[in-house]
Each structure stands twice: as structure tokens, then as C-alpha cells.
Amino acid sequence: MTQPEVWLVRHGETEWSRDGRHTSRTDLPLTARGEAEARALAPALGGVRFDLVLASPRVRAADTAVLAGYPEAETDADLTEWDYGEYEGLTTPTIRQSAPGWELWTHPTPGGETGEHVAARADRIIARVLAEAPERALLVSHGHFLRALAARWVGRPPRFGRHLLLGTATLSILGWERDNRTLARWNAPAIGSGVEGGPP
């Protein structure tokens, strides 16, 4: 079995990510700051060879891939953000006005996806990486989905992602220690992260 590294990039800032509004299907562009964040990723990624480069089809992720130096990134619908259903565009405090104590990781999202649905998509992405990337893959996606994917990488349920803070336009690396999957790097800013120019 191959043991590829999986490099993860969350898209740059949008108006809704800046304001804490849940954004899945709404196809928002990057803000000017988000575009600058995406460009700042290019030096960290430029010296690295990837066997597979995939991006969510949402414009905020696809544009981040382009600005980071990967216009050839293939889109994969399995990389889209967790579907928030009726909570799309709302902040957590607003949701909690009608659903006290609500948290994405542990509570239902009316009309949206369950953790099991998201886990199934994450598992398909992991299987694709293992099949198609002998050494290294790059995935450009979204905050909640990437946190769920990291949880699945280490054999945990999606709710483990609640412990994995992930900022916009950050780099993370999923790796290995012998036969065990690991979180090798997490939530590292592109500049000064220690990942510039190659793998750890």
C-alpha cells in the first residue's frame, strides 16, 4: 500500500467566512484579503511535486487553487463543504436562538447533511488519494469538510473535527508514522509555517 502525504489547503477569506456565517452551497468569491491569502500560498507550494491536485468546485476553492499556482486543479464534488441546509448563511449564535446549544458536529442540520454523509464523502476522497497519488496529493477545500476529512484519515468520526481549528488559506499535512496515519502538520500559515519548499 502506498503512503502518500496529503496536503490540505482551506480556501481564502470570503465575506461570510470573515463574518462567521455558515457557507456551503452559496458560491461566494474571495475577498481582496482572501485573494492575497491565496497568493501567499504559492511560495510554500511551488517547490513541491504533487501526483494529484483536486479542488472543490465552489469558486472560492477553485480560485484559491488558481492563485496558489494550480490552475490545472481537477474539481471533485466530494470536496464541497458540509451542506448546512436551512442554516446556510447563518451564524452559530443566530442558530442557537432557535436551537439552544446547537453545534454542527453533534446536532442535526435541517435539510442538510449528517456527519455520516460527510464521512462517506471524505472516505471516497481518501480512497482516491491512496489509489492515484503514490507520493503526494494536494486538496483545496473548505473548513468543516477538511476537519472531517482529517478525522477520517486518523480513523475517527467526523465529530473529532471539532478539536481541529482551521483558518482560511492555511496549510495542513496528513502523513504517516510507519503504518499509522497521522496529522503531521495542522493549521499552519503559508508564510513562516516551516513547510515552505517541501515536505517535513
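Key figures for this structure:
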item	result
Single unsatisfied condition, A119 versus (1) among the aliphatic types (A, V, I, L, M); (2) outside any helix (DSSP H, G or I); (3) surrounded by fewer than 22 Cβ atoms within 10 Å (Cβ to Cβ)	(2)
Qualifying residue in segment 123-137 (condition: touching a Lys or Arg at 6+ places or on another chain (Cβ under 9 Å), surrounded by fewer than 19 Cβ atoms within 10 Å (Cβ to Cβ) and part of a loop (DSSP other than H, G, I, E, B))	yes
Any hit, segment 17-30, residues being in contact with a strand residue (DSSP E or B) (Cβ under 7 Å, 6 or more places away or on another chain) and either within 18 Å of L171 (Cβ to Cβ) or polar (S, T, N, Q) (or both)	no
Any hit, segment 153-162, residues being modelled with pLDDT of 95 or more, buried (at least 16 other Cβ atoms within 10 Å of the Cβ) and in contact with a strand residue (DSSP E or B) (Cβ under 8 Å, 6 or more places away or on another chain)	yes
Test result for P110, loosely packed, with under 13 Cβ neighbours inside 10 Å and in contact (Cβ under 8 Å) with a residue 60 or more places away in the chain	no
Given (1) closer than 23 Å to E15 by Cα; (2) under 16 Å from the mean Cα position of the chain (by Cα), number of the condition T91 does not satisfy	(2)
Tally, over segment 138-170, of residues that are within 24 Å of L41 (Cα to Cα), touching a residue at least 40 places away in the same chain (Cβ under 8 Å) and either in a loop (DSSP other than H, G, I, E, B) or in contact with a Pro (Cβ under 8 Å, 6 or more places away or on another chain) (or both)	7
Subset of segment 163-200 [hydroxyl-bearing (S, T, Y) and modelled with pLDDT of 95 or more]	T168, T170, S172, T182
Among the candidates E5, E15, residue that is within 24 Å of R128 (Cα to Cα) and under 18 Å from the mean Cα position of the chain (by Cα)	E5
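The values are calculated or read from the model by the stated rules, or taken from the named source; none is laboratory data. Just so you know, these numbers come straight off a predicted model, no measurement behind them. Cβ atoms come from the backbone with ideal geometry, glycine included; neighbour counts cover every protein chain shown.
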